[in-house]
Structures are given as C-alpha cells and as structure tokens.
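FYI, it's all coordinate maths here, none of it is from the lab. It should be emphasised that the depicted structure is a prediction, and the values quoted were computed from it without experimental measurement. Cβ atoms come from the backbone with ideal geometry, glycine included; neighbour counts cover every protein chain shown.
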Amino acid sequence: MSAVPAPTSSPSLLDRPAGGAFHLIFTTLPALLRLTCGLFGAVTALAVRTPPVRVSLLLAAVAALTCWSVWYAVRALRVGIGPGLVAGDVAFTTAAALLAPVLVAPEVLPGEGSWLAVLASTTVINTQATAPVRWSVPAGLLVAAGYAAGASAAGNTAEATAHASTLLMQTGCAAMMTAVMRRWIGRADATFADLQRLRREAVLARAAREAERRQNRDLHDTVLSTLTMVGLGALPAGSAALRERAAADLRTLIGLTDARSAPASGPVDVDAGLRTLLAAHPELTVSAELAACAAPAGVTAALVDATAAALANVARHAPGASVTLRLTRGAGTVVVEVVDDGPGFDPATVPAHRYGLRESVRGRLAEIGGRAEVTSAPGEGTRIRLEWPHVG
C-alpha cells in the first residue's frame, strides 16, 4: 500500500480531488483528536495521585503530554503529519505506557478508562490514518506491547490483556478501513484523471476540427470562389478585378491583413468594411444603403466576410441580378441584408457538404453569437439577413 504523501507534496485538490480531500481530512482529524484527548488525559491524570504514583514524575509526564499534544496539533495543521510526528507520537505513548506503575494509580487502571488507555488508543488510530501500512501496523503492535508490559508491571495482568487486545483490534480495524479508503480514493482519482485526459483530448480534437473548418471555409471563400467566377466568365482573364481578387486571396492564405480585415481590438466601422467589399466586386450591380455603424473588430470582420460570401454566391449563381445591400442598426441589433432578384433556389435542397451558406454565412454569424436567415424560392430571388445582437 502506498504511503500518504508527505506534507510538502500533498495531492492537489484540483489534480487529485479525492486524494487531496483524504489528505486534508486525515490531517485535521488526527490533529484535533490528539489535542482534545491529550488535554483531557492531562487533566484526568492529575485527578488521582495515590501511591505508588510518583507525583513528580506524573507532573513531568502531564507537562510533556500537554506540550506534545499542542505541538502535534499545530504542526499537523500547518505543514501536515510527517514521519517524524508519527514516530514521536508512538515513542511518547510507548514510554508512558511502560511507566504505568508510577503514573497511574491501581484503582483507575482497570476497565480501560485511564488516561493512559485513552492515550494509547488515540495513538494507534492516528498512526493507521497518517502513516503507510508497512509502518503503521508495527507501530500499533509496539504500542499494544508497551501497554501490556506496563499494565503487567503495575500488577494488573487482566487489564494488560484486555486493553492490549483492544489496541490490536483498533490497529487492525483502522488499518483495514484506511487501506480500503485509500484504494477507492486512488481509483476515484484515476477515473478523474482519465476524465480530464479525455476532456483535454476532446478540446484538442474540437480545436483541430474548428481549425480545419475555418481553413476549408477560407479556401472556399478565396481561391475556389475566384476560380468558379473565372470559370463562369464573371472575372475575365487578365482583368484588373481578377488581379485584385487573386492578390486578396493570396494575402488571406498567407495570413496577412487584406483590405477587409479589422484591427485586433476596438470598434471598427462596419459600413466602411462593406464599402471596401463592394469595391472588390465591380462585376455586380449593387445598390447600397449603409448606415453609419461600428462594432467590435471580430464582429465587423464576421459580418463583412459573411456578406462577401453572399455576394460571391450572387456572382456565381445570378451574375446578371440586381443586388441591394442594406446595413441598419436598430434597438439591440446590427443587421446586414443582401437581397437579389436572381433565379432563387430552394434552401432545403442545398447539399450538406456545401460550404457557402452553412459555414461562410451561418457559421461565421454563429461564432459571434449572431444568426443568419436565408429566404429564397425558385423564381423569387434570394434574401440573406445577418443579425448580430448588441448591448447599448
């Protein structure tokens, strides 16, 4: 059985909550038990001083017991119970037990009710709770043997046999109880550690999936979108618009700041970002109604990028359509609307693997706590509404 950790390496309540709680409880309780029983024993020891009790030696023993009990409690509560404290407690108790003929009056020795019997029982119980079993059990046997020898020397073999047997039972029961608790506490901490490991692995896996999703979304919104528009003829080869989009795509892919990126912090004008975006889409006929509006940098970036994805969809699927872009800020919301009079489509029929609406639009708004609504039907055009709630 493994030892209870030393005071300087006690288990953390965060890393090993069960073991940490065990260490805390089985430091506090022994300290209080030693203090209360030690002080009680010191008082009761002085109550009966009939011969053959040697009063001078009894007074010295009582003074030593009082000082030791206070020191034990203070030391245990401050730094924990180490091997030295356990060994000192066993040594003091055994020595007192061997001096039973001159410390305990014969009339109070029987019945296991003397202060010396209480001291011995407290010691063996505390030892099982605070020391490794390979040391605690021999220590309990030593205390029991010392008590038996002292009581026999005092001329009371019945008491020697009776309380020594009690001490042996207390040693065995306390040792088994502590061993069972340590075993189950170890299992609980192992289970907790496994849970924490699985949780960390899940967080890392989720982060990896998020990074992959963002990477795929960026590829969809940059290179793939540009290539699709080139294939559809929306961006003629060699045109200035194609060069600008290709340059912007390259800056995005290598992690540099393009014309639509926002500063790392502070409010950023959403309307300014949308105007910059429109300048990158000369192939579209857009009527813009942009109210002055500022939002946190991340929110502005998400709104602008989602709008860019919506406009890219128009350029790919409805290149001749007229588009209306609106930005409004009402009571509690910032709203961007992209409305076109193109052929429209049925949103329910969009394949699950398509990134355009699912990630580039809805995914971006979800990341900032907003939402995106797509309203469309064949022959009725398309309306995409981006909404971000704000306070103030």
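Computed from the Kirkwood radius of its Cα pairs, the Stokes-Einstein diffusion coefficient for the range 7-197 at 10 °C and 1.306 mPa s stands at 92 µm²/s.
If R₀ is 30 angstrom, what is the calculated FRET efficiency for the pair Val79 and Val180, using the beta carbon separation as r and rounding to 0.05? That gives a FRET efficiency of 0.65.
Take Leu119, Leu59 and order them by how many other Cβ atoms sit within 10 Å, fewest up front.
Numbers: Leu119 25, Leu59 13.
With the sparsest Cβ surroundings first, the list reads Leu59, Leu119.
For each of Leu58, Leu39, count neighbouring Cβ atoms within 10 Å of the residue's Cβ, then give the residues from fewest to most.
Leu39, Leu58
Counting neighbouring Cβ atoms within 10 Å and putting the fewest first, the residues Val62, Val70, Val180, Val314 line up as Val180, Val70, Val62, Val314. The order of the peptides 343-349, 146-152, 377-383 by mean Cβ neighbours within 10 Å, most packed first, is 146-152, 377-383, 343-349.
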